[in-house]
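To keep things clear, I will list the structure first and then write my remarks on it.
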Amino acid sequence: FKQYHQDNNLEVENLLIELQKYAKYYCNMALKQENDKELLSVFDELSKLEADVVYPFLLRLYDDYTNKILEKSDFLHIVKLTGSFIFRRAVCGIPTNGLNKIFATFGNFINPQKYIESVLARFCLVAFPSDESFRENLISKELYNKFKRTNYLLSKLENFGRKEKVDINEYTIEHIMPQNIDTSVAWQKELGDNYVEIHEKYLHCLGNLTLTGYNSEYSNKSFREKRDMKGGFKQSPLKLNEGLGNLESFGEQEILKRANALADMAVQIWEYPKIDKEILQNYKNKKEKRL
């Protein structure tokens with residue numbers, strides 16, 4: 001900071017004016033003081049990921065947006081991509097210790113004449129997980145106990161495409177195949193001869209998780225009981241439970257089919273940067289020359 005002050009030969013008053021400007025940007029983004037509803041919405045979504053490391057990058061974007069260097073639509077797009085980048089890496093188990101450097105230096109790679117293109121290219125060059133990797137990890141990952149963003153994940157899946165948003169804080173996470181099936185003959189028959197392995201493999205994974213307000217009532221009941229009871233899957237107003245009401249059984253195939261359907265939805269929610277391969281190659285070549 002001292003070096004920045006000296007290199008730019010800033011008077012103290014001008015330095016304080018600049019600090020105040022960026023402090024206001026930060027308050028708008030992180031403390032929900034933004035007046036624009038669209039921007040406020042994407043800032044709020046990003047804050048749910050608790051990734052404060054992104055703000056040095058976003059401060060640059062906000063200043064460029066304020067100075068009309070960056071279009072609002074592009075600003076919104078980049079903020080959403082930033083959330084996708086953070087979430088995909090978390091799902092894929094990529095360590096977070098490199099994020100500080102990535103976002104602290106991200107602004108150095110922005111070309112104001114090709115703003116969105118240069119940002120998309122940079123994202124692709126800093127290990128943005130592919131659709132295939134994201135899907136594979138999302139389907140196989142133990143989400144219930146070992147992933148701190150499961151509520152966020154289920155909330156986004158439930159509200160995807162909805163105009164009337166559902167507050168998932170009113171619901172709890174439900175294991176469709178219960179956590180304890182040791183004394184449940186119905187579930188052992190449902191899962192088949194390999195019920196121990198299937199239960200252990202899929203219990204906490206995406207295909208077996210949903211939301212409900214009837215967690216205690218469901219308990220360790222069989223699938224058909226959960227489906228047909230009062231407040232069961234057939235009567236549930238939640239999008240996550242839509243397909244469950246039409247199933248006759250719930251075993252390994254159904255778990256995997258549901259997981260794949262939800263993963264397809266997730267790929268649409270947390271998008272990968274779309275950039276032409278030839279254009280991206282040009283940025284790769286520039287990177288090589290710079291090194």
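The values are calculated or read from the model by the stated rules, or taken from the named source; none is laboratory data. Model, not experiment: these values are computed from the prediction. Cβ placement follows ideal geometry from the backbone for every residue including glycine, while neighbour counts extend to all protein chains displayed. Only protein heavy atoms, including side chains, enter the accessible area calculation; ligands, DNA and RNA are left aside. Shrake-Rupley method; radii C 1.70, N 1.55, O 1.52, S 1.80 Å.
Surrounded by fewer than 14 Cβ atoms within 10 Å (Cβ to Cβ), modelled with pLDDT of 95 or more and within 20 Å of the chain's Cα centre (by Cα): is that true of Glu38 in this structure? Please lay out each step first, then the result.
Values: surrounded by fewer than 14 Cβ atoms within 10 Å (Cβ to Cβ): yes; modelled with pLDDT of 95 or more: yes; within 20 Å of the chain's Cα centre (by Cα): yes.
So Glu38 fits the description; yes.
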Residue match in the range 255-267 (condition: over 30 Å from Glu117 (Cα atoms), in contact with a Cys (Cβ under 7 Å, 6 or more places away or on another chain) and part of a helix (DSSP H, G or I)): yes
Cβ pairs under 8 Å, 6+ apart, first in the range 164-189 and in contact (Cβ under 8 Å) with a residue 24 or more places away in the chain and more than 14 Å from Ile255 (Cβ to Cβ), second open to solvent by less than 50 Å² (accessible area, probe 1.4 Å) and part of a strand (DSSP E or B): Ile168/Leu211; Tyr171/Leu211; Tyr171/Thr212; Thr172/Leu211; Thr172/Thr212; Ile173/Leu209; Ile173/Thr210; Ile173/Leu211
Scan of the range 100-150 for residues that are under 19 Å from Phe75 (Cβ atoms) and of a type in the set (Gly, Ala, Ser), ordered by number: Gly107, Ser118, Ala121
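Of the residues Asn169, Asn215, which single one is under 29 Å from the mean Cα position of the chain (by Cα) and open to solvent by less than 70 Å² (accessible area, probe 1.4 Å)? Walk me through it before giving the result.
Numbers: Asn169 fails: open to solvent by less than 70 Å² (accessible area, probe 1.4 Å).
It is Asn215.
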Residue match in the range 226-239 (condition: assigned to a loop (DSSP other than H, G, I, E, B), in contact with a Phe, Trp or Tyr (Cβ under 9 Å, 6 or more places away or on another chain) and basic (Lys, Arg)): yes
Of residues in the range 234-253 being touching a residue at least 40 places away in the same chain (Cβ under 8 Å) and open to solvent by less than 50 Å² (accessible area, probe 1.4 Å), the one nearest to the chain's Cα centre (by Cα): Leu240
Selected residue (criterion: surrounded by the most Cβ atoms within 10 Å (Cβ to Cβ)) from residues of the range 255-286 that are without any contact (Cβ under 8 Å) to a residue 24 or more places away in the chain and among the acidic types (Asp, Glu): Asp276
Test: residue in the range 80-90 that is open to solvent by 50 Å² or more (accessible area, probe 1.4 Å), touching an Asp or Glu at 6+ places or on another chain (Cβ under 9 Å) and closer than 27 Å to Val267 by Cα: yes
Matching entry among Ile94, Ile69 (being among the β-branched types (Val, Ile, Thr) and either open to solvent by less than 50 Å² (accessible area, probe 1.4 Å) or without any contact (Cβ under 8 Å) to a residue 40 or more places away in the chain (or both)): Ile94
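Being in a loop (DSSP other than H, G, I, E, B), acidic (Asp, Glu) and within 15 Å of Gly207 (Cα to Cα) is the filter here, so list the residues in the range 138-192 that pass it.
Within the range 138-192, Glu142 is the sole residue that qualifies.
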The range 109-137, residues that are in a loop (DSSP other than H, G, I, E, B) and within 14 Å of Asp64 (Cα to Cα): Ile110, Asn111
Residue that is surrounded by the fewest Cβ atoms within 10 Å (Cβ to Cβ), among those in the range 1-26 that are free of Cβ contacts under 8 Å to residues at least 24 places away in the same chain and closer than 15 Å to Pro56 by Cβ: Phe1
Qualifying position, being of a type in the set (Gly, Ala, Ser), within 25 Å of Arg162 (Cα to Cα) and surrounded by fewer than 15 Cβ atoms within 10 Å (Cβ to Cβ), among Gly231, Gly192, Gly207: Gly231
